[in-house]
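The next block holds one structure in the form of structure tokens; read it before the comments.
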Amino acid sequence: MQPVLLNDFKRQWSEIGAEVLRAVEGVGASGWYVLGEQVKRFESDLATFWGLSEAIGVASGLDALEIAFRVLDLRCGDRVLTTPLSAFATTMAIVRLGGVPVYCDTDANGLLDLDRAESILAADPGIRFLLPVHLFGQSLDLDRLAGLQERFNLWMVEDCAQSIGAEWAGRATGSVGRLAATSFYPTKNLGAIGDGGAVLTNDAELAARVRRLRDYGQSAKYRHDEIGWNSRLDELQAAILAEAVLPRLRDWTRRRQEVAAAYTVGIQNPSVRVLRPPTGSTSCEHLFPVTVANREHFEAHLKTRGIATGRHYPILIPDQEAMVGTKFEVRGELERARELAGSEVSLPIHPQLRAEEIDRVITAVNEWSLPD
């Protein structure tokens, strides 16, 4: 029985391989491999897709977050309100600059609890930065985020690593913060064949500084205005993304949404809770998370049916070993975040998933029952 994978890169290659090879040939023939016309082209195309004026390619999603906060002058000791339920890079970007993460609980969907965030900000005006994560492909309430940014005079960076193509009431994620960061890690909806990321903004001055910082802090060749990074999206990945992946993204997103809709209708197991986007959010369906009371038993059941699963994320960030000796704060109990960390399972969802595989997943989930 052929396994049902979380991501099927072999099928993806069969779809895009010829165009990827043409892109590689074009870059090789050009003789220009770093920060050339392919990066410029992809940045322009990505900004247009996103509906923002500026996109700046960097080496990874982590670098995108870190550079964004450096541009906003995050300094040692500055506190950043954020979520405990995310990829570790969300926190790494803060602590590598000397910032102090301040963790707030999530809502039932795993998104930052904006009611609690508002209470924390009202009680502590010393918090100047906000890092919300649009988790699983779902959009946080952008109107609420914009209101918090304005009311508390915050410097906000939106983590959009999982939310390219997601919207709140027709408005794209990443459009309300001073800056947004995204990732092109291969598992992402807009994934490279390697690594990469981007910073997005509508502020031309901030964009210019991002471009300096990604390239050793240079404003011109051998003119270094500040200490920067070596964090450049290379020409090969830019060409692959521009020619083979980005033109397919809308269709691939629609396919992900079709798969999610089929799961939502088909999964009728009272022991399985499907985490669907909040009202107002149009998800790009990066992941399809469910929660169960006995995760190990559920995963083992699906494995016997040849169905892969994932966990996002089984250990809260403040509980990670790397945080021992690292300064951070936790405001209130992280009840919902801990519950999700202990019970979430991600089901296969990708554009190359076949109809019969969707049915297999639904049937397997509905057949599962809690052990006695």
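Here, each number is a calculation from the coordinates, and none is a lab measurement. All of these numbers come straight from a predicted model, not from anything done at the bench. Cβ sites come from the backbone with ideal geometry, for glycine too, and all protein chains shown count toward neighbours.
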(request) Averaging sequence separations of C-alpha pairs under 8 Å and six or more residues apart, then dividing by the length of region 142-188, give the relative contact order as a whole percent. (result) 41 percent
(request) Please find, in a Gaussian network model of the chain (springs between Cα atoms separated by less than 10 Å), the residue of Gly228, Gly147, Gly137 whose mean-square fluctuation is greatest. (result) Gly147
(message) Nearest 5 percent is fine: what portion of the DSSP beta bridges confined to the chain is antiparallel?
(response) 60 percent
(request) Please go through the residue pairs Lys10/Lys40; Lys221/Lys327; Lys188/Lys303; Lys188/Lys327; Lys188/Lys221 and name each one whose alpha carbons sit more than 27 Å apart in this structure. (result) Lys10/Lys40; Lys221/Lys327; Lys188/Lys327; Lys188/Lys221
(message) Whole angstrom only: what separates the Cα centroid of region 165-201 from the Cα centroid of region 257-291?
(response) 21 Å
(request) Return the sequence-ordered ³J(HN,Hα) values of region 14-30 in whole Hz as given by the Karplus equation 6.51 cos²θ - 1.76 cosθ + 1.60 applied to θ = phi - 60°, using x for Gly and Pro. (result) 4, 7, 10, x, 4, 6, 4, 5, 5, 5, 5, 4, x, 5, x, 5, 6
(request) With runs of 4+ DSSP H residues as the only contributors, calculate the mean residue ellipticity of the chain at 222 nm using -39,500 (n - 2.57) per run, divided by the residue total and rounded to the nearest 500. (result) -11500 deg cm²/dmol
(message) So for region 242-315, averaging the separation of alpha carbon pairs under 8 Å that are six or more residues apart and normalising by length, what relative contact order in percent results?
(response) 25 percent
(request) Counting other Cβ atoms within 10 Å, keep those with at most 13, restrict to DSSP loop, and tell me which trypsin sites (Lys or Arg not before Pro) in region 312-349 are left. (result) Lys327
(request) Find the centroid of the Cα atoms in region 30-75 and in region 305-372, then give the distance between the two in whole Å. (result) 30 Å
(message) Tell me the relative contact order for region 71-163 as a rounded percent, counting alpha carbon contacts under 8 Å between residues six or more apart.
(response) 29 percent
(message) Please report Rg (one decimal) and Dmax (integer) in Å for the Cα set of region 249-367.
(response) 16.1, 49
